[in-house]
Every structure is written in C-alpha cells, then in structure tokens.
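Here is the structure we will look at.
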Amino acid sequence: MEIRQAEAPDFVSVHSLICELAAYEKAPNEVITNADILSQFCLANNPFVFCWVCEIDEQIVATAVCYIRYSTWKGPVLYLEDLIVKETYRRNGIGTALLNHCISFAKKRKFERLSWQVLDWNQSAIDFYKKFDVTFDDTWVNVTFNLTEK
C-alpha cells in the first residue's frame, strides 16, 4: 500500500471513486466535476485543495480530498471533503491509513483542527470515525446557496 499526493493522470481514477461514492449516497446525478476540474484545483501552484491516493499493485483503490477553511474563532482548518475506499478494499486499514495521513498533514501545516461531515444514515462510516478521538456535533445545520442555479 502506498499513499501519495495525486498526480495529473490519477484524477480519472479519483473522479471514478467520487462517482462511486455519489452512487452509494443515492445521488449519482449530483456529480458535476470531472478529472480536469479536480486536477486544476489540486495541482495549482498554490493549491487550497489537496488530494491523496492510495495505490495497491499500481491500482488506485482509495482517495482523500481536503481543502482549507478558516474559522474566525479557531483559525485554519483542514476540511476533509471525501475519504473514499473502493468497496472491495474496505476493512483492510486503508481508510485508517488515509485518515492518519490527513491528520499528519494538518498537524505539519499547523491547522487547528481537521473536520468533516458524515451522513446520519451511514452507520459504517460513523462506526469507522468513532475509532478516532472525534467529536460528533448535531447542533449545526448545513446551508447551501447554489450559484450555478441562480
């Protein structure tokens, strides 16, 4: 198993994993990004989006995508947008290794915290995250304003 920063050719596989996750979350038609868009933001000269892949036998089997947020109360925050492991590779320590990689990256960069969301019905993900020293917050409500639809 090798975890490394994603490179340009990897984003086709990363996009495929994102589409797999969207199908699992019952929203396959919600994905509007593509490999080129992912590559553009993750490989910029001064990126605010970071993507790592996990390879086994030269095949990308998992990815983690994070970006920088800023809390006026806490300071810089690394936000984990997606942690995706191909279904056939789950329960082999890949998700743990990827999440630990994100935690290490955040610590090295002096982020105040790492945060993410998990769907309330995704019990397997919730159980996975409970293995880490995390806090679940049911106080905040998600709000979205879609700029492309207005």
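No lab work stands behind these numbers, since they all come straight from the coordinates. These numbers were taken from a predicted model, which means no experiment stands behind them. Here the Cβ positions follow ideal geometry from the backbone for every residue, glycine too, while neighbour counts run over all protein chains shown.
Dividing the mean sequence gap of close Cα pairs (under 8 Å, 6+ apart) by how many residues the chain holds gives a relative contact order of 17 percent.
Using C-alpha pairs under 8 Å with a sequence gap of at least 6, the mean separation divided by the residue count of the range 69-121 gives a relative contact order of 47 percent. A straight Cα-to-Cα reach below 18 Å connects residue 130 with the aspartates and glutamates 81, 82, 120, 138, residues fewer than 8 places away in its own chain not being considered.
Checking the a/c ratio against 1.5 first, then a/b against b/c, what shape does the Cα gyration tensor give for the range 52-126?
It is oblate, given that a/c is not under 1.5 and a/b is not larger than b/c.
What lysines could a cross-link reach from residue 131, if we take a straight Cα to Cα line under 26 Å and drop same-chain neighbours fewer than 8 places away? The reachable lysines, counting only those whose Cα sits under 26 Å from residue 131, are 26, 74, 86, 107, 108, 110.
In terms of other Cβ atoms within 10 Å, 70, 24, 79 run from fewest to most in the order 70, 24, 79. Counting Cα-Cα pairs of the range 1-69 in 10 Å increments starting at 0 gives whole-percent bin shares of 21, 51, 27, 1.
In the chain the longest region clear of GluC sites (Glu not before Pro) that are loop-assigned by DSSP and have at most 15 other C-beta atoms within 10 Å covers 59-111.
Note on the chain: Cα-only Rg and Dmax are 15.4, 45 Å.
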